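First comes the structure, then the notes that go with it.
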Amino acid sequence: MTATLIIIVLTWLIVQAIKSANLPGKYLPLVALAVGIILSVGIALYTGDANLLSDVLVGAWAGFASTGANETATKSISAIIDSIGASITKTK
């Protein structure tokens, strides 16, 4: 489980770095998927605990999880900021 969390965080960080290179947002989930799979297989090969099917599935899950976490956080923070702004500017 710890390795999966590490893969999710690393995937998110790498995708954020790639995102800053002006890659269109529509490709980011695919990039996250590929990065997650590559990281998962790479870590498994490095530790000697390689099971290709399992590693690919964990990497794919990590890629989707990092994308979902980013979207959720972005939308949640935007909603909170919007509600605070609305309550501040609201006149009674």
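Before moving on, here are some points about what is shown:
- Cα coordinate range in region 2-89, projected on the principal axes (Å, largest first): 58, 27, 16
- Averaged over residues, the count of other Cβ atoms within 10 Å places the peptides 32-42, 10-20, 47-57 in the sequence 32-42, 10-20, 47-57, highest first.
Values in this text are rule-based calculations from the coordinates and carry no lab data. In this text the structure is predicted, and so the values were computed from the model without any measurement. Don't worry about glycine lacking a Cβ; one is built from the backbone with ideal geometry, like all the others, and counts go over all protein chains shown.
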